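So the structure is just underneath, and the comments pick up after that.
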Amino acid sequence: ITGAKTAWIDLSREAAAGPGGIWAEVMALYSIVNTVTLNMPEVDQVKLLIEGEAAETLAGHIDIRFPYKANMLLVR
């Protein structure tokens with residue numbers, strides 16, 4: 001966790017690939033982001049890495065070059 005209240009989460013390539021499709025990728029991303037930011041008061045946003053490296057996308061659809069904040073609209 002950085003001073004900017006950003007948690008860096010490192011995923012394996014297999015975990016990042018997950019189930020196919022953009023909707024599954026959005027849900028996977030926000031499952032991680034919402035869980036971390038809503039359960040750890042010291043974290044405001046999450047930056048994902050794959051195999052310890054910065055990546056452009058999670059599994060080909062979602063841009064993960066920048067940190068994400070919680071999005072509760074997806075879990076209504």
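The values are calculated or read from the model by the stated rules, or taken from the named source; none is laboratory data. All figures in this text were calculated on a predicted structure; none of them were measured in a lab. Neighbour counts are summed over all protein chains in view; Cβ atoms, including those assigned to glycine, are modelled from backbone coordinates with ideal geometry.
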Residue set Ala7, Ala54, Ala16; condition among the hydrophobic types (A, V, I, L, M, F, W, C) and either in contact with a helix residue (DSSP H, G or I) (Cβ under 6 Å, 6 or more places away or on another chain) or at positive phi (or both); output residue Ala7
All conditions in (1) in a loop (DSSP other than H, G, I, E, B); (2) touching a residue at least 12 places away in the same chain (Cβ under 8 Å); (3) on the phi < 0 side of the Ramachandran plot are true of Tyr30 except (1)
Could you tell me which residue of the stretch 57-76 is modelled with the highest pLDDT, considering only residues that are in contact with a helix residue (DSSP H, G or I) (Cβ under 6 Å, 6 or more places away or on another chain) and surrounded by fewer than 16 Cβ atoms within 10 Å (Cβ to Cβ)? Asn71
Of everything in the stretch 34-76 that's touching a residue at least 24 places away in the same chain (Cβ under 8 Å) and either in contact with a Cys (Cβ under 7 Å, 6 or more places away or on another chain) or of a type in the set (S, T, N, Q) (or both), which residue is farthest from Trp8 (Cα to Cα)? Asn71
Suppose we filter Glu42, Glu25 for residues that are modelled with pLDDT of 85 or more, charged (D, E, K, R) and touching a His at 6+ places or on another chain (Cβ under 8 Å); which single one remains? Glu25
Report, by residue number, each residue of the stretch 19-56 that is among the polar types (S, T, N, Q) and surrounded by 14 or more Cβ atoms within 10 Å (Cβ to Cβ). Asn34, Thr37, Gln45
